[in-house]
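Worksheet: one structure, shown below.
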Amino acid sequence: MNKVKGLKSKDLLGLKDLSVEEIKLILETARSMKEIMARPIPKVPTLIGKHIVTLFYEPSTRTRTSFNTAAKILSANITNVQMSTSSVVKGESLIDTIKNLEVMGLDCIVIRHSMGGAPHLAAKNCKAAVINAGDGFNEHPTQGLLDIFTMIEKKKTVKGKKVVIVGDIAHSRVARSNIWGLKKLGAEVVVVGPPTLMPKGIEEMGVRVSYKLDEEIGDADFINMLRVQRERMEKGLLPSIEEYSELYGLNSDRMKKAKKDVVVMHPGPINRGVEITSEVADGPFNVILEQVTNGVAVRTAILFLLLSGKES
Amino acid sequence: MTKLLIKGGRVIDPAANLDGIRDVLIENGKIKSIGPRVKGQGARIIDAKGLLVLPGLIDLHTHLRDPGRPDKETIYSGSRAAALGGFTTICCMANTSPPIDNPAVVEYIIAKAKAESIVNILPIAAITKGLKGEEMAEMGRCFGEGAVAFSDDGRPVMRADVMRRALEYASQFGVPVISHCEDLNLSMEGSMNEGAVSTEIGLPGIPALSEEVMVARDILLAREFGRVHVAHVSSAKSVKLIRQAKREGVKVSCETCPHYFTLTEEAVKEYDTNAKVNPPLKTKADVKEIMRGLKDGTIDAIATDHAPHTIEDKNVEFNLAASGLVGLETGFGLVYTNLVDKKIMTLKQAVAKMTASPARILSLANKGALKPGADADVTIIDPKQEWLVDPAKFASKSRNTPFAGWQLKGKVLYTIVAGRVVVKDGKLAV
């Protein structure tokens, strides 16, 4: 088994575990992949004979489709397995599911799970490459990488730039992956959200905490808006969605304070009118759909780096 | 069996404030005499030179899973794990299936222990029926059958009014109510300590407050209505609350467990489910305060909270994994290695937490001391011997320990229960 240049691990579990060099390698590879995507026939034979499975214990449109597209660009086979949430609790254990998939000859398992550490458990129990497509509120590394890819595309670098991440930081894997990656690359990261949605000790990850969006917008280079789920209200963490919008939503009024070249991001799916108004989401500063395109490039790069050169 | 002379060992008997070279003569299951040179004609002799001779260790907090989960543990296997760990008496918690919430189950435990156990087993009966925290269990009848304390351990008694009545009612029997302090609304769906580490690895947290607010509540209730023993204290603030309460004369006692002065939340960083325990492992500052509390007497006892679980219960996603770790076979080694050898406490202080103190908390007149007439429960330790924690060798049916591969100091060589040698040279003798 050849060690593919660059990535130390057989898996991609989180940005926490990646070195700066590895992050840069992925981003650089993603740029090449984006070029391939622009060709009339966006397909290369690199991963012919490789078989990838997506194993999703949580619903997803974007991420799963993105991985499917990426696999097809590289000519890999891909199978999608949707597990019902109930099967997490009863029925076949995660380890058994993984082992069954592995003996079917799969080279790579892309897993999304509602619990932090589930992909790590999967990775420990199989030889196939495991890609974390989001685990609980731990990490969503491909999202983090595509966000950073997009930022660098827009402003050449993230070093020294101010990134404001807004919303439900406590329950956000996107926030964590962004923080790990951005801090490694030298960005200044400010997390903004109500205290009930701010995880304890987040400062130790090297970020600053703020409860005042208006005070952070003015000098921000990037504003990354997170989705806020209605479930948070049911759990008593927020008094109302309307109040949340008023305090932490991004609207055109607030955008008046922003720099002229600010970049507005959102990992999707958007709750229009909740964390971001349509005017802003569709407005001149947004790169939300470009993020989605870049997601394919980044995921293609990751599949390439993890699987090419490895024996099937 | 009838006569046994333990010669020349360093006898530590905290109840008698004794630490010196003595002989101990056992006759008919009782301590006959103890002194610098005891003659024991016809006695079988154990040469204890260079060894520690202790009153048999008492564990205030053991889960035996019997009845209900023989795949995790039984009275048979649990008693053997206890013996190998130097425990001559263990108190089994009520959260079995069915729970020990009625006199018939108490009777079952005692009968099964008589038939299968090689150590003394003292049942702890439930505070409330079905451990539901609503209606009081028949404490009096359970006490009549031999229950030594009351506890819903594994679950808190959430309602303050129910806890109040339980403390009042239990006071007539002179035995403690053991409280599992946890506010379930604060712990929600958490699976580890809430803080920088839970934030970093993306697991739902349980705030230390979840334990502390209930410790505070139970102290206030005990001040008015009875006597409470706080189980498995894990947080610095809890220690401080109990210290203050004791100063004010509240009838409160407490225990901690070896993992709370040995490990911090860092142990779960790689999602090691064997380090998932309730209450969850906390921070360095908490460990420090636990040690301080042990030293100044705020924490009366060290209990194992032995909580056996199957591989199936542990080798799953962290959030889904069962809480708890097996502790009987590593308990003394962790105390010796982390408290005595590191000079946090004297040997006598440490031994008291596992002998005289638990005996006092449960008012066990004939246990926890080596005085003439007491039950001949004795544990003999080689303090110099280092040993490797190898779960494959556990007598417990379960292997869920975060200490696998650890090198510990202080090896149990002999466990003697009512004059009967049940562990010899570190191996089961029966």
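The values are calculated or read from the model by the stated rules, or taken from the named source; none is laboratory data. Quick caveat: nothing in here was measured; it's all calculated off a predicted structure. In this analysis, Cβ positions are derived from the backbone assuming ideal geometry, glycine residues included, and neighbour counts consider all displayed protein chains. Protein only, heavy atoms only, side chains kept; ligands, DNA and RNA dropped before computing areas. Shrake-Rupley method; radii C 1.70, N 1.55, O 1.52, S 1.80 Å.
Table for the structure above
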quantity: Count - residues of region B:19-48 that are without any contact (Cβ under 8 Å) to a residue 60 or more places away in the chain and surrounded by fewer than 17 Cβ atoms within 10 Å (Cβ to Cβ); calculated: 12
quantity: Residues of region B:146-164 that turn out to be buried (at least 20 other Cβ atoms within 10 Å of the Cβ) and over 22 Å from the mean Cα position of the chain (by Cα), as a count; calculated: 1
quantity: Every residue from region A:96-139 that is closer than 21 Å to A:THR61 by Cβ, open to solvent by 10 Å² or more (accessible area, probe 1.4 Å) and more than 10 Å from chain B (Cβ to nearest Cβ); calculated: A:ARG112
quantity: Extreme residue, farthest from B:GLU212 (Cα to Cα), among residues of region B:165-179 that are open to solvent by 10 Å² or more (accessible area, probe 1.4 Å) and either within 14 Å of another protein chain (Cβ to nearest Cβ) or not aromatic (Phe, Trp, Tyr) (or both); calculated: B:GLN172
quantity: Answer from A:ASN132, A:ASN178 - the residue that is outside any helix (DSSP H, G or I) and either out of contact with any Pro (no Cβ under 8 Å at 6 or more places or on another chain) or in the same structural domain as A:ARG64 (by TED's automatic domain parsing) (or both); calculated: A:ASN132
quantity: Selection status of A:LYS183, among the basic types (Lys, Arg), in a helix (DSSP H, G or I), within 14 Å of chain B (Cβ to nearest Cβ) and over 23 Å from A:GLU58 (Cβ atoms); calculated: yes
quantity: Scan of region B:186-199 for residues that are touching a residue at least 12 places away in the same chain (Cβ under 8 Å) and not hydroxyl-bearing (Ser, Thr, Tyr), ordered by number; calculated: B:LEU186, B:MET188, B:GLU189, B:GLY190, B:MET192, B:ASN193, B:GLU194, B:GLY195, B:VAL197
quantity: Those residues of region A:192-212 which are touching an Asp or Glu at 6+ places or on another chain (Cβ under 9 Å) and more than 14 Å from chain B (Cβ to nearest Cβ), in sequence order; calculated: A:VAL192, A:PRO194, A:ARG208, A:SER210
quantity: Residue in region B:324-338 that is among the charged types (D, E, K, R), buried (at least 17 other Cβ atoms within 10 Å of the Cβ), part of a loop (DSSP other than H, G, I, E, B) and within 14 Å of chain A (Cβ to nearest Cβ) present; calculated: no
quantity: Residue list for region A:213-226, restricted to those being assigned to a loop (DSSP other than H, G, I, E, B) and either within 14 Å of chain B (Cβ to nearest Cβ) or touching a strand residue (DSSP E or B) at 6+ places or on another chain (Cβ under 9 Å) (or both); calculated: A:ASP219, A:ALA220, A:ASP221, A:LEU226
quantity: Failed item, numbered, when B:VAL421 is tested on (1) surrounded by fewer than 22 Cβ atoms within 10 Å (Cβ to Cβ); (2) at positive phi; calculated: (2)
quantity: Listing of strands (runs of 3 or more DSSP E) fully contained in region B:1-76 that carry 3 or more residues being aliphatic (A, V, I, L, M) and farther than 20 Å from B:LEU328 by Cβ; calculated: B:3-13, B:18-27
quantity: Region A:256-276, residues that are in contact (Cβ under 8 Å) with a residue 12 or more places away in the chain, closer than 26 Å to A:PRO239 by Cα and open to solvent by 40 Å² or more (accessible area, probe 1.4 Å); calculated: A:PRO269, A:ILE270, A:GLY273
quantity: B:PRO279 being surrounded by fewer than 24 Cβ atoms within 10 Å (Cβ to Cβ) and either acidic (Asp, Glu) or assigned by TED's automatic domain parsing to the domain that holds B:ALA160 (or both); calculated: no
quantity: Test: residue in region B:282-299 that is within 16 Å of the chain's Cα centre (by Cα) and open to solvent by 10 Å² or more (accessible area, probe 1.4 Å); calculated: no
quantity: Residue match in region B:372-394 (condition: assigned to a loop (DSSP other than H, G, I, E, B), touching a residue at least 60 places away in the same chain (Cβ under 8 Å), farther than 30 Å from B:ALA15 by Cα and open to solvent by 10 Å² or more (accessible area, probe 1.4 Å)); calculated: yes
quantity: A:ASN77 vs. criteria modelled with pLDDT of 95 or more, within 14 Å of another protein chain (Cβ to nearest Cβ) and either open to solvent by 20 Å² or more (accessible area, probe 1.4 Å) or within 18 Å of the chain's Cα centre (by Cα) (or both); calculated: no
quantity: Single unsatisfied condition, A:ARG232 versus (1) open to solvent by less than 80 Å² (accessible area, probe 1.4 Å); (2) part of a loop (DSSP other than H, G, I, E, B); (3) within 28 Å of B:SER198 (Cα to Cα); (4) modelled with pLDDT under 95; calculated: (2)
quantity: Candidates B:VAL215, B:VAL197 - the one that is assigned to a helix (DSSP H, G or I), within 14 Å of chain A (Cβ to nearest Cβ) and open to solvent by less than 30 Å² (accessible area, probe 1.4 Å); calculated: B:VAL197
quantity: A:GLY144 being within 14 Å of chain B (Cβ to nearest Cβ) and either without any contact (Cβ under 8 Å) to a residue 40 or more places away in the chain or more than 25 Å from A:PHE285 (Cα to Cα) (or both); calculated: no
